[in-house]
Amino acid sequence: MRSTLLRISFLFMALIQCSWAQPSAELPSTHEFLLSNGLKLIVREDHRAPTVAHMVWYRAGSMDEINGRTGVAHVLEHMMFKGTHKVKSGEFSRLVAAVGGRENAFTSRDYTAYFQQVERSKLDDVMKLEADRMTNLNFDDAEFLKEIQVVMEERRLRTEDNPSSLLNESLMATAFMSSPYRHPVVGWMNDLENMKASDAREWYRNWYKPNNATVVIAGDVDPKVVLQAVEKYYGVATAGELPVRKPQIEPPQKGIKRVEVKAPADSAQLAMAWKVPKLHPGKLDDPEPYALELLAAVLDGYDNARLNRILVKQERVVNDVGVGYDMISRGPELFMVNVSMAKGKKVAEAERSIRKALRDLVENGVHESELRRLKVRILSDQIYKRDSIFGQAMEIGTTEMAEFSWRDIDLILEKMQTITPTQVQEVAKKYLVDDSLTIAVLDPQVRQSKPVNLEGK
């Protein structure tokens, strides 16, 4: 797991209060509109290829679920392909493929999103389909019973049969006490086993409203033409009152936490996670999240970064190392270090090596030249992402779902460039401490071979 190195890009949009207002003249390539029903539309022009990415983002993810119904956001994502009054179950994907497009959907802790990528002349075709299922989803209990089995099998394959996923699931459940981030996006198996079709329908009625949605369209398009089409298809959806979102503030951690997971695996694994601050909308002058982002890059932002160089190449105590931190999210954040052990090495050795490397950084700091190279890398990564129409739409959507304004993006990148080595050193010293640390260890078990059926031989 690498540091995200910012999930935002050089995207500049003008906030428009009325759907007929004109975008800012000084920012001609990206346009934002607000429909009368509360739906936000963002259009990103990119005329380099005759294609377009069409995405619908709902600010409703696993963090909005309640105990006993974990996984329902992801289940509803599956059910969105099971038919409307006009489109039969299974027909949605076939119709997108028929116009030469590709499509999919994904659920996260913070949101659920649906997308299609098509040739520009087919945009209306997929927009009509997506707008239809925003308001007219219609699946029966039989379809739900079949699909919930698919979701449970997905959980078995991706989590219960995957030692790394099991370790991460236990880590999150241990690190967080109150925050819904403690629940897996796919849901707990017992909740899936007891889920009803009515649970998915209720989730749909609660959250799938135009005033909880953002439509992002990027590619070879005319914003005025796109606006007319969006008003035609999405403008008929009726706004509604959304459920009250409870803050569920995570209480302060008051000491180190440890959890051990026993599972069939080839090698032991270690995950260390510290509670750290994130960037807040309206508080972009806070230097700490930027410094933490750069700290993650110092430790694991390139092939010869500190932890990889020390633990993998020099000491050879682990096979691989990853550092993760997201400075932008709806919920609380962790600064994470994950390693898988080299053959014959113990987890305690890796923990000592990680602590030693962090202690060295705290005591001796970061070189200015090292930080300068990482800042250049961040900028080059952002420019590279702009080569992808789909990537541009993704970054717009993820930024919007975290309740940041597009107008913050330029300032965020500028702030990142001002962070000093001393500030990186200070956040390491302040936050990478035991009082906010959770440690998860995977104890590998011998894989059981399946019995051979010799009957009839």
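The values are calculated or read from the model by the stated rules, or taken from the named source; none is laboratory data. Here the structure is a predicted model, which means the values were calculated and not measured. Glycine also receives a Cβ, built like all others from the backbone with ideal geometry; neighbour counts cover every protein chain displayed.
Points to keep in mind about this one:
- Any hit, the range 300-317, residues being hydroxyl-bearing (Ser, Thr, Tyr) and modelled with pLDDT under 95: yes
- Any hit, the range 136-149, residues being under 30 Å from Asp266 (Cα atoms) and buried (at least 17 other Cβ atoms within 10 Å of the Cβ): no
- The condition (being modelled with pLDDT of 95 or more and surrounded by fewer than 21 Cβ atoms within 10 Å (Cβ to Cβ)) is satisfied by just one residue among Ala25, Ala98, Ala14: Ala98.
- Residue check for Gly219: touching a residue at least 60 places away in the same chain (Cβ under 8 Å), small (Gly, Ala, Ser) and in contact with a Ser or Thr (Cβ under 6 Å, 6 or more places away or on another chain): yes
- Residue in the range 386-397 that is over 25 Å from Ala113 (Cα atoms) and either surrounded by 14 or more Cβ atoms within 10 Å (Cβ to Cβ) or aliphatic (A, V, I, L, M) (or both) present: no
- Criterion: surrounded by fewer than 19 Cβ atoms within 10 Å (Cβ to Cβ) and either under 30 Å from Gln117 (Cα atoms) or assigned by TED's automatic domain parsing to the domain that holds Ala342 (or both) - qualifying residue of Pro247, Pro252, Pro264: Pro264
The rows are residues; the columns are (1) closer than 19 Å to Met55 by Cβ; (2) in a loop (DSSP other than H, G, I, E, B).
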site: Pro184; (1), (2): no, yes
site: Gly187; (1), (2): no, yes
site: Ile217; (1), (2): yes, no
site: Val221; (1), (2): yes, yes
site: Leu227; (1), (2): yes, no
site: Thr238; (1), (2): no, yes
site: Glu241; (1), (2): no, yes
site: Val244; (1), (2): no, yes
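- Cβ-Cβ under 8 Å pairs, at least 6 apart or on other chains, the range 275-297 side in contact (Cβ under 8 Å) with a residue 24 or more places away in the chain and in a loop (DSSP other than H, G, I, E, B), far side basic (Lys, Arg) and surrounded by fewer than 19 Cβ atoms within 10 Å (Cβ to Cβ): Leu284/Lys415; Asp285/Lys415
- Any hit, the range 132-150, residues being closer than 22 Å to Val43 by Cβ and under 24 Å from the mean Cα position of the chain (by Cα): yes
- Matching residues in the range 372-411 - criterion: being in contact with a helix residue (DSSP H, G or I) (Cβ under 8 Å, 6 or more places away or on another chain), among the β-branched types (Val, Ile, Thr) and within 17 Å of Ala296 (Cβ to Cβ): Ile378
- If only residues of the range 132-151 that are part of a helix (DSSP H, G or I) and touching a Gly at 6+ places or on another chain (Cβ under 9 Å) are counted, the one that is farthest from Gly235 (Cα to Cα) is Val151.
- Residue check for Gln382: touching a Gly at 6+ places or on another chain (Cβ under 9 Å), part of a helix (DSSP H, G or I) and buried (at least 17 other Cβ atoms within 10 Å of the Cβ): no
- Taken together, Asn162, Asn138 contain a single residue that is assigned by TED's automatic domain parsing to the domain that holds Asp222 and within 21 Å of Trp207 (Cα to Cα), which is Asn138.
- Complete set of residues in the range 385-422 that are assigned to a helix (DSSP H, G or I) and among the acidic types (Asp, Glu): Glu395, Glu400, Asp408, Asp410, Glu414
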